[in-house]
Each structure stands twice: as C-alpha cells, then as structure tokens.
Amino acid sequence: MRAKGPTPEIPAPVGFTSLVSSSWWLFRSLFGVMFGPMLAIVAVEWLSLLAALVVANTDPAGMAAAFAALIPLMVRVISSGLGVALGAAIIADGLAGEPVSARAAIRTSRPYLKEILAAAMFGALLALMFVFLSQGLALLLMPLFYGPPLIAQVIVLEAKPFQLATRRVRELGRGQFARTFGYLTAVALGIGLTGVLVPRLIASLAASFGDAGQLGLLVLASMVLGAMGLAFFSAATTVAYFDLRARAENYGLEELRAERRSSSS
C-alpha cells in the first residue's frame, strides 16, 4: 500500500485538514482495489434509475410511477452503504498489512452482511425522510446517509450487530459528535457538488457530439465521479471512525492489526 508523499499516522486523532489529507492518501493508495467495486455499485444505481424511468413512462400518472421514483434513491443509499462498509474493510486490511483485495474484504465481512444491510436500509429510510423534509436539498448531502457513516465501520471492524453498533457510535462520539458530523458534512457536500456540477460541465463542453453524445458523456462522467466519490467518502468516514477510537481508547495501528488478524483467522 504505497502512495507518493509522507505517510499519515492512521489511526490517530485528526482535525479537518488531516482528515481530508489522510483520506486522500488512502484513496490514492487503494484506488486500484476500491475503484472497481465502487464502479459496479454505481452502475447498479444507474440501472435502477433507468428501470424507474421506464416504469414512470409507461403510466406517468399512476401509483407505479410515484413508487418507482423512490426506488433509485433507496437503491443508491443501500448499495452505497454496502460500498462504504466494503471500503472500510479494505482500508483496515491495507493499514494492518493484511492481504488487500475486494474479495478478501468481502470474505471477512460476509458474516456481518445482514447487519450491514440493516444499517444500509436504515440509512435509506433516513435519506427519504430528509429529502422530503428538505424539499430535495438533502440530495447534495446524500453521502451522509451511506452506511450510515461510523455505524458501518463499527459493524465491519468490531463485529457488532446493528443495534449495538448504533449504541457504540453514540459512546465513541460523546463530546465529539458535532465536530465529526461537521467534518463529514463538509466532505459530503464537496462530493455532492462535484458529482452534480462536473459531469454537466463536461457534457456542456461536448456540444459538437450532439444530444446523444452529451448524454453519454454525462452518464459516463457521473458514474466515474460517483465511484471515486464513494471510495473517497468511505476513506473519510473510516478515518473519522479511527479518530473517535483514538481519542476514546488510545487506539492505534497495533490494535488495528490485532483486530484484523483475528477477523481473518
């Protein structure tokens, strides 16, 4: 696991700048491992959107169309929640010196799949509620519901069921939650704005390709940036989780290595 530049201390307490720089270092170091699975997840999200559009066009005024409009959001948050959990396992293995691959991370995380899925569905329900209450503004902050953040990390890295994981996050975040939430909100907003604005800018610069070409570029850029954003947010939430444990428990690399060795044995 190598990337150019100084190696940050992870796990360790972090401020906002060090959270972003550590997340960027992890993103670059593990890009080759994380990008493929994240791109597959984003492709599933786009397929669900296409299916919803087909259903909506068959009967625009019907209940099926109204229901179909919710499906892409649910699929996006649930599948991205699984991606955040997978990314946390990959990152932990990389830092602990264990074999790093998506297959190895899936193997060690498989016993907790039901709990990870329960947490991801909880995140989707929260996302639906906040999108409705905010009149769609929450769409720019959608990564905040992936996992949800910290809960997914506790499930995957501490082998705790969903209900105990939520309690564990409250314990770790006592006195730190507002700071951590602010950090992750800023990261999520940056990812959200990049995912909305950059693909449209790329498509607008390709007017010579016609409408079909612009649409193709828009979808392609959105998928690539979506996968990169998901990988980076997984890194950021995992660094934030390590930050909370380092502050609460004097948790460091040796403790992480011991946990990952026991999970892979």
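What the table below lists for this structure:
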| read-out | value |
| --- | --- |
| Filter pass, PRO161 being modelled with pLDDT of 95 or more, more than 21 Å from VAL42 (Cα to Cα) and of a type outside the set (A, V, I, L, M, F, W, C) | yes |
| Lone unmet requirement of (1) of a type in the set (Ser, Thr, Tyr); (2) farther than 17 Å from ILE78 by Cβ; (3) touching a residue at least 12 places away in the same chain (Cβ under 8 Å) for TYR146 | (2) |
| Residue check, PHE122 farther than 17 Å from SER234 by Cβ and either among the hydroxyl-bearing types (Ser, Thr, Tyr) or crowded, with 17+ Cβ neighbours inside 10 Å (or both) | yes |
| In the range 197-244, residue nearest to GLU9 (Cα to Cα) [restricted to those that are of a type in the set (Val, Ile, Thr) and touching a Leu at 6+ places or on another chain (Cβ under 7 Å)] | VAL239 |
| Some residue of the range 14-23 being modelled with pLDDT of 95 or more, surrounded by 17 or more Cβ atoms within 10 Å (Cβ to Cβ) and touching a Gly at 6+ places or on another chain (Cβ under 8 Å) | no |
| Filter result (in contact (Cβ under 8 Å) with a residue 12 or more places away in the chain and assigned to a helix (DSSP H, G or I)) within the range 160-181 | PHE162, ALA165, THR166, ARG168, VAL169, GLU171, LEU172, THR180 |
| Sole residue being over 30 Å from VAL196 (Cα atoms), among the acidic types (Asp, Glu) and in contact with a Ser or Thr (Cβ under 8 Å, 6 or more places away or on another chain), chosen from GLU158, GLU98 | GLU98 |
| Complete set of residues in the range 77-106 that are more than 13 Å from LEU117 (Cα to Cα) and either surrounded by 24 or more Cβ atoms within 10 Å (Cβ to Cβ) or within 14 Å of the chain's Cα centre (by Cα) (or both) | GLY87, ALA88, ALA89, ILE90, ILE91, ALA92, ALA105 |
| In the range 203-246, the residues that are surrounded by fewer than 17 Cβ atoms within 10 Å (Cβ to Cβ) and farther than 24 Å from GLY32 by Cα | SER204, LEU205, ALA206, ALA207, SER208, PHE209, GLY210, ASP211, ALA212, GLY213, LEU215, GLY216 |
| Cβ-Cβ under 7 Å pairs, at least 6 apart or on other chains, the range 98-114 side farther than 20 Å from GLY81 by Cβ, far side among the hydroxyl-bearing types (Ser, Thr, Tyr) and outside any loop (DSSP other than H, G, I, E, B) | GLU98/SER264 |
| Condition met for SER222 (part of a helix (DSSP H, G or I), touching a residue at least 12 places away in the same chain (Cβ under 8 Å) and among the hydroxyl-bearing types (Ser, Thr, Tyr)) | yes |
| Test result for ALA138, surrounded by 24 or more Cβ atoms within 10 Å (Cβ to Cβ), assigned to a helix (DSSP H, G or I) and among the small types (Gly, Ala, Ser) | no |
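A quick yes/no check of all residues on (1) in a helix (DSSP H, G or I); (2) in contact with a helix residue (DSSP H, G or I) (Cβ under 8 Å, 6 or more places away or on another chain); (3) more than 30 Å from ARG174 (Cα to Cα):
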| residue | (1), (2), (3) |
| --- | --- |
| LEU197 | yes, no, yes |
| SER208 | yes, no, yes |
| LEU217 | yes, yes, yes |
| ARG260 | yes, yes, no |
| SER263 | yes, yes, no |
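So that you can scan it fast, the table gives a plain yes or no per residue for (1) at pLDDT 85 or above; (2) closer than 26 Å to ALA85 by Cα; (3) among the aromatic types (Phe, Trp, Tyr); (4) in contact with an Asp or Glu (Cβ under 7 Å, 6 or more places away or on another chain):
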{"site": "ALA186", "(1), (2), (3), (4)": "yes, yes, no, no"}
{"site": "ILE191", "(1), (2), (3), (4)": "yes, yes, no, no"}
{"site": "ILE202", "(1), (2), (3), (4)": "no, no, no, no"}
{"site": "ALA206", "(1), (2), (3), (4)": "no, no, no, no"}
{"site": "VAL239", "(1), (2), (3), (4)": "yes, yes, no, no"}
{"site": "PHE242", "(1), (2), (3), (4)": "yes, yes, yes, no"}
{"site": "ARG245", "(1), (2), (3), (4)": "yes, yes, no, no"}
{"site": "LEU256", "(1), (2), (3), (4)": "yes, yes, no, no"}
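The values are calculated or read from the model by the stated rules, or taken from the named source; none is laboratory data. Predicted, not measured: the structure shown is a model, and the values here were computed from it. For neighbour counting, all protein chains shown are included, and Cβ atoms are generated from backbone atoms with ideal geometry for every residue, glycine included.
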